[in-house]
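The values are calculated or read from the model by the stated rules, or taken from the named source; none is laboratory data. Just so it is clear, the model here is predicted, and its values are computed rather than measured. Here the Cβ is made from the backbone with ideal geometry for all residues, glycine too, and neighbour counts use every protein chain on show. SASA here: full protein model, heavy atoms, side chains in, ligands and nucleic acids out. Shrake-Rupley method; radii C 1.70, N 1.55, O 1.52, S 1.80 Å.
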Amino acid sequence: MHVYCEVALPIPLNRTFTYLVSAGTELQRGARVIVPFRNEKLIGVVMELHGRAPEDFEAKPVETVLDEEPLLSEHLLELAAWMAQYYLAPLGEVLRGMLPLGAEVRRTVYYSIGDAGRDALAGSFDGHEPQAKGKRGGSKLSEEDQDMEHKVLTRLADGEPLKLSTLRTATAASLPLLAAMVRKKWIVRETTAAERHARRMERYAVLVPEARLPALTAKQQAILAELAACDGEMALAALREKGSSPSSLQTLVRRGLVRIEERAANFSLSGMGHVNPAHALNEQQMEALASISTATGFQPFLLHGVTGSGKTAVYLAAMQRALDHGMGAILLVPEIGLTPAAAAQLDATFGNRVALLHSALTPAERSEQWHRIRRGEAPIVVGTRSAVFAPVANLGLILIDEEHDQSYKQEETPRYNARDVAVMRAKLAGAPVVLGSATPSLESWQNSEAGKYKRISMAKRVNDRPLPGVEIVDMRMEFQQTGQEQLFSRSLIAETQAALDRGEQAMILLNRRGYSCVAMCLACGEKLECVNCAISLTHHKPVDSVEAIASAGQRLECHYCGFRRTVPKKCPKCESEHLYYLGAGSQQGEERLQEIFPTARIGRMDRDTVRGRYDMERLLARLHSGEINLLVGTQMIAKGHDVHGVTVVGVVGCDHALSMPDFRAAERVFQLMTQVSGRAGRGELPGRVVVQTYHPDHYAILAASTHDYAGFVARELKYRRWMHYPPFGVLANLLIQSKRMEEAANWSAVLGKWFQKAAPEGVRVLGPCTAPIARIKETYRFHMILKANSRKALNAALRGALKHAEEAGIPRRSLVVDVDALRLM
């Protein structure tokens with residue numbers, strides 16, 4: 001009897017696909033395979049083996065089995081199935097996110113000419129006059145594009161498929177042009193996939209023993225001396241760092257004095273971040289640790305500890321307890337920037353038994369770390385949201401630091417929240433899970449109120465250090481008293497200057513990137529917007545001399561799609577020269593601070609200065625060493641940094657988020673203010689916080705200024721209960737998008753009418769309407785917000801809408817379902 005398998009593929013279809021397993025092939029559920037799908041070779045995961053032959057088609061055979069044993073355990077496969085059901089995401093795309101092993105498969109794209117392309121080349125296509133079917137986007141092709149299409153067809157006319165790289169080198173054709181030719185069926189796109197070895201390799205220079213020494217230059221002698229000092233071998237990268245000449249090394253190799261060897265590279269966490277010295281746990285830390293360590297089986301905890309209360313020390317001790325019992329643990333952190341610091345602490349505690357997983361690793365590094373975890377070499381895992389899927393064999397504990405952070409929510413399919421997935425994974429694994437934060441999300445707090453989570457409180461800072469005092473500066477009064485608008489208040493300047501004079505450090509939060517937020521014309525009121533997105537361009541000044549040369553000085557940039565343009569001399573609409581820049585970002589803040597404090601050693605932390613994987617580490621190292629004594633930046637500076645020299649924190653422009661069309665605006669402002677305030681006074685010296693605001697009477701501002709989490713929660717929960725918003729209801733955002741506005745509007749109207757007639761009882765639909773940002777990356781966007789009292793009703797409504805969309809011919813790729821949406825933009 002033939003054996004068939006059901007394979008989940010990474011495509012936006014909610015189903016598996018049946019393939020034939022060749023005789024003698026060993027295959028198990030949870031293993032990866034390469035299978036043909038249309039004109040491509042895709043990597044899928046086997047979900048089932050059976051003997052049921054498909055009735056309406058002949059199953060294609062599995063081409064390659066990548067794994068002799070299942071890569072995913074049964075409980076991870078269960079977790080994937082739960083995520084697909086809960087977030088209405090295709091199972092194959094969920095599994096793709098669980099297996100960061102793209103480096104182990106080499107994918108190659110080929111193009112060949114189709115019959116329609118041969119007809120076009122031989123007959124009516126002459127490279128100058130476009131055919132009717134040669135239109136794209138409703139407009140005729142330019143002569144340049146027609147010439148390019150002619151080149152592509154001519155190059156492929158021999159019949160041999162060409163690699164994408166070869167074709168583009170020969171013709172200079174762009175990817176959009178090739179995609180358009182595929183849509184016209186002039187050319188055919190195919191992919192192949194093959195297994196490859198993904199382990200990182202490192203080259204070493206090794207001294208050859210008993211080699212005769214001829215006359216050598218000084219540089220050659222220096223290389224031999226370096227090798228002799230390192231037991232006769234050294235990595236080439238280390239030799240280069242010491243200034244060794246590559247040509248001199250090659251001469252030594254030719255003379256037989258040195259040989260080059262290639263070895264598997266080692267991955268080390270040491271030196272990745274600042275390590276705080278270990279201290280004995282205090283009484284409240286010991287009580288928290290005892291609660292976590294004595295848990296048997298699945299038990300969710302909410303660890304509510306004020307900033308500086310020592311939650312990290314509790315995490316480390318709890319992980320050590322799990323390790324002592326022969327079990328593994330996962331620590332999730334919200335940002336890549338926090339990963340080096342967390343990894344350094346874990347490395348100092350657990351050594352090479354720690355693995356690191358985050359998106360800044362290269363594909364080969366991610367693959368290496370993943371396999372170290374699976375082999376049991378690294379039972380302790382630290383990483384960002386995708387680390388929740390780490391294949392820890394005997395999982396005994398999951399910890400989520402700063403559980404309230406929005407970074408745990410993925411903004412691409414599958415749109416999961418790693419915090420909630422971690423709770424479900426702990427349940428499936430029968431392990432305790434700890435959600436830690438000084439400002440827990442209201443959903444987690446309500447779960448602890450309802451008894452679903454056990455709450456652990458840590459109300460005091462380590463060594464009974466006081467929480468920083470907070471001063472609120474009313475910027476309306478500041479304007480009236482000074483007669484001019486200022487970015488920094490007199491009080492903040494005075495406090496910062498006093499701290500610098502005492503040899504202390506200060507941080508200032510200015511939660512906007514760039515130099516100015518909006519560029520507009522004073523003559524006609526035109527705002528300079530992105531050509532791809534319905535959003536104002538942000539004004540940036542060059543960061544360094546290289547960028548200044550590349551961008552001719554200043555630039556305007558879109559923070560959604562990356563579009564850039566130089567700053568125009570005249571308004572593009574009315575040609576007026578009176579362009580005006582509104583709002584101040586962190587770049588302007590740095591410039592102003594340099595003027596106010598000319599002797600200060602100022603650093604800036606935002607997405608413009610922290611670009612590469614090591615930028616954050618270098619910046620924090622300078623801050624810890626005291627090289628930087630005044631740091632300005634966006635919300636990146638608020639997240640978990642433990643710098644004992646910081647005594648003054650300024651909060652500038654944080655309250656603008658209160659005007660955002662989002663029911664979570666007050667919660668986010670409270671959390672951000674509390675978190676950044678917590679950076680002050682973490683050492684021996686007391687801290688002080690200055691908050692500048694135009695809303696000094698808002699309850700979120702007042703509660704944050706007094707560190708009153710309970711008071712804020714009590715008031716915010718009243719509003720949420722009254723409006724049936726989470727945590728007193730469930731919510732989803734259904735986004736409809738298309739490159740054509742009319743199409744997106746029609747599709748949203750079709751779904752809107754369906755909801756009016758067929759929405760399940762208990763589901764309220766707001767919309768359809770234009771999304772707050774109506775266009776992103778040339779795609780028009782409409783949305784509907786669904787609110788329900790029960791998750792079952794919400795899930796049924798969404799599934800019904802997706803089914804109706806399929807029947808109405810609305811492509812699945814044009815619909816984005818965001819369950820438990822955190823951003824409604």
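Shown is the FRET efficiency for Met286 and Glu68, computed with R0 = 51 Å from the Cβ-Cβ distance and rounded to the nearest 0.05: 0.65.
Which of the GluC sites (Glu not before Pro) found in the stretch 663-739 are in a DSSP loop and have at most 13 neighbouring Cβ atoms, other than their own, within 10 Å? Write down the numbers at each step before the final one.
On the way: sites: Glu667, Glu684, Glu716; in loops: Glu684.
When the GluC sites (Glu not before Pro) of the stretch 663-739 are filtered for loop state and at most 13 Cβ neighbours within 10 Å, Glu684 remain.
With Cα atoms defining each centre, the stretch 698-756 and the stretch 555-623 are spaced 31 Å apart in the structure.
In this rough spin-label picture, where each label sits 7 Å from Cα along the Cβ direction, the Ala459-Ala122 distance is 8.7 nm.
Local charge sum around His641 (other residues, Cβ-Cβ under 10 Å, Lys/Arg +1, Asp/Glu -1)?
Working: positive: Lys639, Arg679, Arg682; negative: Asp642.
Computed value for this residue: +2.
Placing a label point 7 Å from the Cα of Arg721 along the Cα-to-Cβ direction, the residues of the stretch 660-683 whose backbone N falls under 20 Å of that point are 663-667. Karplus-based coupling profile of the stretch 186-195, in residue order and whole Hz: 6, 10, 10, 9, 9, 10, 10, 9, 9, 6, with θ = phi - 60° in 6.51 cos²θ - 1.76 cosθ + 1.60 and x standing for Gly or Pro. The alpha-carbon atoms of the stretch 1-102, seen along their principal axes, cover 36, 29, 24 angstrom, with the largest extent given first.
Give, as a single signed number, the net charge of other residues whose beta carbon lies under 10 Å from the beta carbon of Leu9, with Lys and Arg counted +1 and Asp and Glu -1. Charge balance near Leu9 sits at 0. Rg and Dmax over the alpha-carbon atoms of the stretch 436-579 stand at 22.8, 64 Å. Placing a label point 7 Å from the Cα of Glu806 along the Cα-to-Cβ direction, the residues of the stretch 1-44 whose backbone N falls under 17 Å from that point are 7-18.
Segment His644..Ile260, full-extension length gain: 133.6 nm, with 0.36 nm per residue of separation and the alpha-carbon distance subtracted. Using a 4.7 Å Cβ-Cβ cutoff, the cysteines of the chain lacking any partner cysteine are Cys5, Cys230, Cys517, Cys561, Cys654, Cys769.
What the Cβ-Cβ distance of Ser247 and Gln484 gives, at R0 = 60 Å and to the nearest 0.05, is a FRET efficiency of 0.45. Extents of the chain, taken as max minus min of Cα coordinates on every principal axis and listed largest first, are 87, 79, 67 Å. Of the solvent-accessible surface of the chain, computed with a 1.4 Å probe and all protein chains present, 50% belongs to carbon and sulfur.
Accessible area of Arg592 (1.4 Å probe, protein heavy atoms only, ligands and nucleic acids ignored): about 80 Å².
Rounded, prolate or oblate: which one fits the stretch 724-790, using the alpha carbon gyration tensor with axes a ≥ b ≥ c (rounded when a/c is under 1.5, else prolate when a/b beats b/c, else oblate)? In terms of gyration-tensor shape, oblate.
Please compute the length gained on full extension between Ala218 and Ala194, using 0.36 nm multiplied by the number of residues separating them and subtracting their Cα-Cα distance.
On the way: separation 24, 0.36 × 24 = 8.64 nm, distance 4.77 nm.
This chain segment gains 3.9 nm when fully extended.
The label point for Lys151 and the one for Gln320, both projected 7 Å from the Cα toward the Cβ, are 6.5 nm apart. When both the stretch 363-403 and the stretch 31-90 are represented by their alpha-carbon centers, they are found 23 Å apart.
Would you mind getting me the FRET efficiency between Ala237 and Asn789? Use the beta-carbon distance for r and R0 = 56 Å, nearest 0.05.
On the way: r = 59 Å, r/R0 = 1.06.
Between Ala237 and Asn789 the formula returns 0.40.
Spin-label model, Ala758 to Glu743: label points 7 Å out along the Cα-to-beta-carbon direction sit 2.3 nm apart. Using the 1.4 Å probe convention, the accessible area of the chain works out to 46 Å² per residue with neighbouring protein chains retained.
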